[in-house]
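Enquirer: Please read through the structure below; I'll follow up with questions.
The values are calculated or read from the model by the stated rules, or taken from the named source; none is laboratory data. Keep in mind the model is a prediction, meaning the values are calculated, not measured. Here Cβ is always computed from backbone atoms with ideal geometry, including for glycine, and neighbour counts include all displayed protein chains. Side chains are part of the model used for accessible areas, which takes the heavy atoms of the whole protein and leaves out ligands, DNA and RNA. Shrake-Rupley method; radii C 1.70, N 1.55, O 1.52, S 1.80 Å.
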Amino acid sequence: MTIEIRAGAFDPWRELADFQQQMTGKCGKYGATTVFVGTMRDFNEGDEVRGMFLEHYPQMTEKYLEKITLEAAQRWELLDMLIIHRVGEILPDDPIVLVAAWTVHRAAAFEAARYLIEELKSRSPFWKKEWLPERERWVIKNTPAG
Amino acid sequence: MAITVKFFASLRERMECEGVAIDAQYARTIAEVWQQVAGGEPLPADLLMAVNMEYAEPDSVVQDGDEVAFFPPVTGGGHDH
């Protein structure tokens with residue numbers, strides 16, 4: 001299980017390939033992998049967005065991501081999990097977050113990945129400040145998945 | 001000794017500082033910590049708070065050496081809100 005806060009750009013597909021290659025002891029054990037990648041858009045609430053700054057509370061963020069993965073491990077039979085979350089200056093089309101879960105069967109993989117990203121969004125202390133053409137604004141809240 | 005108080009995101013900008021230290025003898029709960037740092041402003045209803053990096057409530061007890069943080073609702077994850 002790996003949790004990482006990243007200050008620079010990352011390629012989620014390369015990260016996944018690298019991570020899975022290191023799961024040598026688990027080869028042949030998992031039958032399902034689910035992946036969620038959250039990417040920055042160039043629009044929000046009807047406005048053009050040119051970039052954003054993603055702030056976090058160092059240490060508390062890692063602590064809560066760890067809590068969330070431990071909770072998921074108690075609810076589902078997970079062979080492994082990977083979470084990478086970007087902080088700092090981010091531009092449209094940049095990946096912001098990667099969540100992946102490896103399980104024996106697909107139902108658990110879908111449910112666990114959903115749990116990880118939803119709990120991350122509602123409990124991990126991150127904040128987004130968007131850069132609009134004429135001003136900056138804080139994103140006020142995450143809306144529920146729908 | 002003291003209680004370390006931190007502010008994040010829009011609250012940090014509004015307070016015009018990242019944090020302060022207060023004398024522990026003047027605050028027994030988070031609400032009292034807020035009174036010490038906010039200059040009479042009532043505790044905003046949607047403000048989140050933590051003691052030693054665990055979410056807490058206004059009546060949570062604080063003690064010497066604790067780290068208390070105040071911050072707005074969190075907005076991590078993808079840009080899909």
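Enquirer: So, in region B:1-24, how many residues would count as being in a loop (DSSP other than H, G, I, E, B) and either crowded, with 17+ Cβ neighbours inside 10 Å or within 12 Å of the chain's Cα centre (by Cα) (or both)? Before the answer, list the steps.
Expert: So in region B:1-24, the residues in a loop (DSSP other than H, G, I, E, B) come out as B:1, B:8, B:16-18.
Next, from what is left, pick out any that are either crowded, with 17+ Cβ neighbours inside 10 Å or within 12 Å of the chain's Cα centre (by Cα) (or both): B:8, B:18.
Residues meeting the conditions: 2.
Enquirer: Quick check on this structure: which one of A:Lys128, A:Lys141 is facing another protein chain (nearest Cβ under 9 Å) and open to solvent by 10 Å² or more (accessible area, probe 1.4 Å)? Please lay out each step first, then the result.
Expert: Numbers: A:Lys128 fails: open to solvent by 10 Å² or more (accessible area, probe 1.4 Å).
One residue alone meets the criteria, A:Lys141.
Enquirer: Could you tell me which residue of region B:25-81 is surrounded by the fewest Cβ atoms within 10 Å (Cβ to Cβ), considering only residues that are charged (D, E, K, R) and within 14 Å of chain A (Cβ to nearest Cβ)? Steps first, please.
Expert: At the first step, the residues of region B:25-81 found to be charged (D, E, K, R) are B:28, B:32, B:41, B:46, B:54, B:57, B:59, B:64, B:66-67, B:80.
Those left that are additionally within 14 Å of chain A (Cβ to nearest Cβ): B:46, B:54, B:66-67, B:80.
Details: B:Asp46: 8, B:Glu54: 11, B:Asp66: 20, B:Glu67: 16, B:Asp80: 16.
For region B:25-81, the residue satisfying everything is B:Asp46.
Enquirer: Can you tell me which residue among B:Asp23, B:Asp59, B:Asp66 is touching a residue at least 60 places away in the same chain (Cβ under 8 Å) and over 19 Å from A:Arg123 (Cβ atoms)?
Expert: Values: B:Asp23 fails: touching a residue at least 60 places away in the same chain (Cβ under 8 Å); B:Asp59 fails: touching a residue at least 60 places away in the same chain (Cβ under 8 Å).
Just one listed residue meets the conditions, B:Asp66.
Enquirer: Go through region A:33-53 and report how many residues are within 13 Å of the chain's Cα centre (by Cα), of a type in the set (A, V, I, L, M), at the interface with another protein chain (Cβ under 8 Å from one of its Cβ atoms) and assigned to a strand (DSSP E or B). Spell out the reasoning first.
Expert: Initial filter on region A:33-53 (within 13 Å of the chain's Cα centre (by Cα)): A:34-40.
So of that shortlist, the ones also of a type in the set (A, V, I, L, M) come out as A:35, A:37, A:40.
Those left that are additionally at the interface with another protein chain (Cβ under 8 Å from one of its Cβ atoms): A:37, A:40.
After this cut, where a residue has to be assigned to a strand (DSSP E or B) as well, the list is A:37.
So the count comes out to 1.
Enquirer: Identify all residues within region A:54-69 that are without any contact (Cβ under 8 Å) to a residue 60 or more places away in the chain and either within 14 Å of the chain's Cα centre (by Cα) or within 8 Å of another protein chain (Cβ to nearest Cβ) (or both); write none if there are none. Don't jump to the end; show me each part of the working.
Expert: As a first pass, look at region A:54-69 and keep what is without any contact (Cβ under 8 Å) to a residue 60 or more places away in the chain: A:58-59, A:62-63, A:67-68.
A:Gln59, A:Glu62, A:Lys63, A:Ile68, listed by residue number.
Enquirer: Is region A:88-97 home to any residue that is over 19 Å from A:Leu120 (Cα atoms) and open to solvent by less than 40 Å² (accessible area, probe 1.4 Å)? Let's see the steps before the verdict.
Expert: Within region A:88-97, the subset over 19 Å from A:Leu120 (Cα atoms) is A:89, A:91-93.
Still in the running and open to solvent by less than 40 Å² (accessible area, probe 1.4 Å): none.
No, the conditions are met nowhere in region A:88-97.
Enquirer: Which condition number does A:Pro133 fail, the rest of (1) assigned to a helix (DSSP H, G or I); (2) open to solvent by less than 70 Å² (accessible area, probe 1.4 Å) being met?
Expert: Condition (1) is where A:Pro133 drops out.
Enquirer: Any idea which of (1) among the β-branched types (Val, Ile, Thr); (2) more than 9 Å from chain B (Cβ to nearest Cβ); (3) open to solvent by less than 40 Å² (accessible area, probe 1.4 Å) is the one A:Val104 doesn't satisfy?
Expert: Result: A:Val104 fails condition (3) only.
Enquirer: Let me ask something else about it. Just checking, which of A:Leu78, A:Leu82 is under 19 Å from A:Ile5 (Cβ atoms) and either buried (at least 18 other Cβ atoms within 10 Å of the Cβ) or out of contact with any Gly (no Cβ under 8 Å at 6 or more places or on another chain) (or both)? Quick ask: steps written out before the conclusion?
Expert: Working: A:Leu78 fails: under 19 Å from A:Ile5 (Cβ atoms).
On inspection, the qualifying residue turns out to be A:Leu82.
Enquirer: Is there any pair linking a residue in region A:83-98 that is closer than 16 Å to A:Leu16 by Cβ to one that is of a type in the set (Lys, Arg), with Cβ under 8 Å and at least six apart or on different chains, and which?
Expert: Hits for this filter: A:Ile84/A:Arg6; A:His85/A:Arg6; A:Arg86/A:Arg6; A:Pro95/A:Arg86; A:Ile96/A:Arg86; A:Val97/A:Arg86.
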